[in-house]
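Chemist: Okay, handing you the structure first.
None of the figures in this text is laboratory data; all of them are computed from the coordinates on show. Not measured: the values here are computed from a predicted model. With ideal geometry, Cβ positions are generated from the backbone for all residues, glycine too; neighbour counts draw on all protein chains shown.
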Amino acid sequence: MAYKTDIIPVDSHDKCQPGKEKGEFMRKGIARRCLCIALASAMVFGDVGIASAAESNAAASKESVSVAADESTAEVAASTPKVEYLNVNGYYGDTISVNAVAYAYKTVILVNGKKYDARTSGTDNGYNGYYLNINSLPGTTYTVELRYSNKDGKVYKLQKKITTASVVFKKTSKDDPTVTVTSVSGDADAKGILRPAGVEVTAKIDNPKGKSFTYEVYRSSKPSGGYTRIGKGVTSSDWRISYTDTKVKSGSVYYYKFRILRGTDQYVAKDKVLAVSAAAGVRYGVPECYIYSNGSYGKNEGKKAVNSLLIGSSFANQYDLYRSTNKAKGYKKIATVYGQYYEDTNIKKGTVYYYKAVPKYYDSKTGKTATGKASEPKAIRYLMDAAGATLTQVSATSMKCEWYAENSSDVSYEIWYKREDLDGDAYRKVAVTKKKSCVLKNLATDGVYSVKVRTVKKAGAVVKYEDSYTGTRTMGYTTQVQDLYTTAVKSSADTKKGVVVVYYKMAWYKDWGASGYYIKAYNGYTGKTETIKNLSAKATSYTFRNVADKTKGLKYTDIQVIPYKGKTMGGASYSLSNNRLPAVSRVKVTRKSGTSVLVAWTAVPGAKTYVVKRRTALGVTQTIASTTATKFVDTHVTNGMEYTYTVYPEDSIAGFYEGDESGFVTYTHALSRPAISSGVNSSAGTAAIKWGKIANAKCYKVYRSDKANGKYVQVAKTSSKVMVYADKKLKKGKTYYYKVVAYTVNECGKVVKSSASSARAVKIKK
């Protein structure tokens, strides 16, 4: 903030001169009054008030000399108005604060010459105090004026100026530009394809006081000029502004820039441009992508090495995938991917591979494809599978450790463990084996052990390792069961009475040393906790029955498994889920037509409605139905697209909530297979064939062979509107065989072909 103070006496023509003694007495009295006022301000405003009052008192004394000149009579001192202090600052967000005290008959506060406040005390030395917050604009100079006068109308004024902080565009580095533009996606369409929904324009700003301001966004088809305003808004963000342009066409190039405006208020009549950003351009509909997750493993326990890629993008519907063994060069295309996932099986163990994905967006409306920039390289190296350790106590002092094993002769396994219940203990190697399991012996009966398995591969003179995740297990009696879970396995229902019964399988890890287990539950009907069952020490599971009534609700809540040892009761486990319906079973997805599929499932007794969800190969998950039926026809499918369906009960007729999702069923919608309806020798040396129309087909290809099960060669290609073909110049007396294949381009730009029709024989008789 910049400050300027002006002290301006409006009228100083009075020549009265009081006596020296009386004037001295008055000056001492005024000083005493100023001190009292300063102390009072300190009580109200704290230390800041003390400092301000003290500083302003000194300033006021100086100012009174300028106003009163050499006049010192008692009569003038008694009637001259006085300012104790006038403070103006801008430390309160989008406001400036005015703090002032004056002793005068009348005082007026003006901002940029316009009256803001006026007060009258009734006496020439009456108290007038101000503590005001005035709304302000950024990058603006405000003149705050305090006018004070006596009864006779003699007016004085004191001015202070303040300039509020401005807003500027910020550029922090070469790779972090002021303005960025990018195509952004909206919601997926009915077919599960993400579409670009506009261009997002973003600018970084430096807004030190966080003041609200007006911004404008301009657009042009060229960087040098022709900009028109397309939007306007107000924001209070102190680091960025953003605007989404939805009136754009795929494939078109646009340039954008921002203007920041000061705005106007009751004190500032003329607007002002505070800052103008640089221009930034974008070709709309161009996607970005990144490989943000990957893994490497061996299929079938290490028999075949695989690098697995997971590719993410805002709206890309296909990717060209490139690979190299050098991060900086040598990339070659290995596949075009029409989904998020890709498994590269053509790799060697131990080699580091670098992958780049080039995103593409195929616009099914225009038939055009926009290509984006390649992702940053992602490095993957597969050497061998990491062994996953599973721990099971088998005696009071021993524990079995099992893992997945590499199917390789030069691989062995090191077993390492430490005690977690001992401070300072470290991992130590306790076994080496080529098997898939081992038994750890001589363990403490109450110890807590963390175990990891290290896969060791010897390649020449170099020994390489892959560590498993760490498994932890507590030996002996644990007072609470471990690894407790529950699953709703079946249900029954009486729809007339509104009663539902659900059975839950409860399972847990054996609590070594426990005498048995109590199954307890809180009965909401009686308000008491009941012992449902007393199980033996051998038990590690129990099927619990819960019931719900449409009027009473659930009978049991807070189901618990409690181990005990002798007469000592263990602690309660966490509550198990016992208020959900079972999952839907036997979900089946079948083709219904060329443009639809049928999703069907087995009813869950007690369920009222079902939710059908679908996930596309592009990673889009959608809820496509909520129905009371046990089937649903999905009419929004794309040929050649892989879909994964799941169904779950949404609610029940009484008390129970939605069930778990069913198992996932994967389905790829194939293009319908053509059928040749006729094949005749229509004229000399000519075979005429005819086939039926295929929904969504873009073209048809006709193939011919001289043997029914021989090699077929393409002889014709027709448009989607032509379903006949005449094959000429054929040999009389010979039989020819024909097949037809339909082709299309799906919503992702992928070429999809049907299976070939059955062969149709045509004998040339003439």
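Chemist: Per residue and in cubic angstrom, what volume does the convex hull of the Cα atoms of segment 481-629 have?
Modeler: So the per-residue Cα hull volume is 152 Å³.
Chemist: Let me ask something else about it. With charges set only on the Cβ (+1 for Lys and Arg, -1 for Asp and Glu), what does the dipole of segment 289-381 come to about its Cα centre, in debye to the nearest 20? Could you put the intermediate results ahead of the total?
Modeler: Values: 17 positive and 6 negative charges, 72 e Å.
That gives a dipole near 340 debye.
Chemist: Label point 7 Å out from L598 along Cα-to-Cβ: which residues of segment 612-651 have amide N under 13 Å?
Modeler: The answer is 630-634, whose backbone nitrogens lie closer than 13 Å to the label point.
Chemist: Which of T646, C401, S573 sits closest to the plus end of the dipole of the chain, meaning its Cα is farthest towards the positive end, when Lys and Arg get +1 and Asp and Glu get -1 on the C-beta?
Modeler: Result: T646.
Chemist: What pairs from K191/K592; K170/K232; K731/K753 go past 25 Å between their alpha carbons? Write out the running numbers ahead of the final one.
Modeler: Values: K191/K592 16 Å; K170/K232 20 Å; K731/K753 31 Å.
Long pairs (Cα-Cα over 25 Å): K731/K753.
Chemist: With a point put 7 Å past each Cα toward its Cβ, work out how far S585 is from T264 in nm, to one decimal.
Modeler: 7.6
Chemist: Segment 564-628 to segment 137-215: how many Å between their Cα centroids?
Modeler: Result: 50 Å between the Cα centres.
Chemist: Let me ask something else about it. So between K729 and S437, what do we pick up on full extension, going 0.36 nm a residue minus the alpha carbon distance?
Modeler: Fully extending the segment from K729 to S437 adds 97.9 nm.
Chemist: If you count, for each residue, the other Cβ atoms within 10 Å and average over each peptide, how do 564-574, 678-688 line up from highest to lowest?
Modeler: 678-688, 564-574
Chemist: If you don't mind, there's one more thing I want to ask. Can you tell me the FRET efficiency between A379 and V722 if r is taken as the Cβ-Cβ distance and R0 is 51 Å, rounded to the nearest 0.05?
Modeler: 0.50
Chemist: Quick check: the angle from helix 47-68's long axis to the longest principal axis of the chain, C-alpha only, nearest 10 degrees?
Modeler: With rounding to tens, the tilt is 40 degrees.
Chemist: Work out the length of the dipole vector of the chain about its Cα centre, built from +1 on the beta-carbon of each Lys and Arg and -1 on the beta-carbon of each Asp and Glu, and round it to the nearest 20 debye.
Modeler: Working: 120 positive and 63 negative charges, 1247 e Å.
Roughly 6000 debye, rounded to the nearest 20.
Chemist: Further question on the same structure: Work out, step by step, the length gained on full extension between K763 and T627: first 0.36 nm times the residue separation, then minus their alpha carbon distance; give nm to one decimal.
Modeler: 43.5 nm
Chemist: Follow-up question, since we're still on this one. Count charges around R591 for me, please; just the other residues with Cβ under 12 Å from its Cβ, Lys/Arg as +1, Asp/Glu as -1.
Modeler: Local charge sum for R591: +2.
Chemist: Dipole of segment 103-158, Cα-centred, from +1 at each Lys and Arg C-beta and -1 at each Asp and Glu C-beta, to the nearest 20 debye? Don't skip to the end; give the middle numbers.
Modeler: Values: 8 positive and 4 negative charges, 26 e Å.
For segment 103-158, the charge dipole is close to 120 debye.
Chemist: Tell me which of Y105, G367, S626 sits at the most positive position along the dipole axis of the chain, charges placed on C-beta atoms (Lys, Arg +1; Asp, Glu -1).
Modeler: Value computed over the given set: G367.
Chemist: Would you mind getting me the FRET efficiency between K533 and S237? Use the beta-carbon distance for r and R0 = 60 Å, nearest 0.05.
Modeler: It comes to 0.50.
Chemist: Filter the trypsin sites (Lys or Arg not before Pro) in segment 95-185 down to the DSSP loop ones having no more than 10 other Cβ atoms within 10 Å, then list what survives.
Modeler: Details: sites: K106, K114, K115, R119, R147, K151, K154, K157, K160, K161, K170, K171, K174; in loops: K151, K154, K170, K171, K174.
Here the sparse-neighbourhood loop sites are K174.
Chemist: Hey, another quick one. Go ahead and run the numbers for FRET between T371 and D660, Cβ-Cβ distance against an R0 of 30 Å, rounding to 0.05.
Modeler: Step by step, r from the Cβ atoms, then E = 0.10.
Chemist: Give me the distance between the Cα centres of segment 497-512 and segment 744-766, rounded to whole Å.
Modeler: 54
Chemist: Sort out for me the Cα centre separation of segment 664-707 from segment 390-461, rounded to whole Å.
Modeler: Result: 61 Å between the Cα centres.
Chemist: Roughly what would the spin-label model give for T141 and S541, points 7 Å off Cα along C-beta, in nm?
Modeler: 8.5
Chemist: Let me ask something additional. Full-extension gain between D706 and A426, please, as 0.36 nm times their residue separation minus the C-alpha to C-alpha distance.
Modeler: 93.2 nm
Chemist: I would also like to ask the following. Could you check the simple spin-label distance between E642 and V462, using points 7 Å along Cα→Cβ, in nm with one decimal?
Modeler: 3.3
Chemist: Nearest 10 degrees, 0 to 90: what angle lies between the long axis of helix 20-45 and the longest principal axis of the chain (Cα atoms)?
Modeler: Around 20 degrees separate the two axes.
Chemist: Quick one: which of 487-493, 504-510, 429-435 comes out on top by average Cβ neighbours within 10 Å, and what's the full order, highest first?
Modeler: Values: 487-493: 17.1, 504-510: 18.9, 429-435: 13.0.
Descending mean neighbour count gives 504-510, 487-493, 429-435.
Chemist: Okay, next question. By a straight-distance test (C-alpha under 16 Å), which lysines pair with K550 as possible cross-link partners, with residues fewer than eight away in the same chain excluded?
Modeler: K496, K497, K608
Chemist: I've got another one for you. Express the relative contact order of the chain as a whole percentage, based on alpha carbon pairs under 8 Å and six or more residues apart in sequence.
Modeler: 6
Chemist: Per 10 Å bin, what percent of the C-alpha pairs of the chain does each bin hold, from zero upward?
Modeler: All Cα pairs, binned at 10 Å, distribute as 2, 9, 10, 12, 14, 14, 12, 10, 8, 5, 3, 1, 1, 0, 0 percent.
Chemist: Please express the shape of segment 185-333 as an equivalent ellipsoid: the semi-axes are the square roots of 5 times the eigenvalues of the C-alpha gyration tensor, given largest first in whole angstrom.
Modeler: Values for segment 185-333, descending: 44, 18, 16 Å.
Chemist: For the pairs K247/K373; K299/K360; K211/K270; K249/K750, flag any whose C-alpha to C-alpha distance is greater than 20 Å.
Modeler: Checking Cα-Cα distances, K247/K373; K299/K360; K249/K750 exceed 20 Å.
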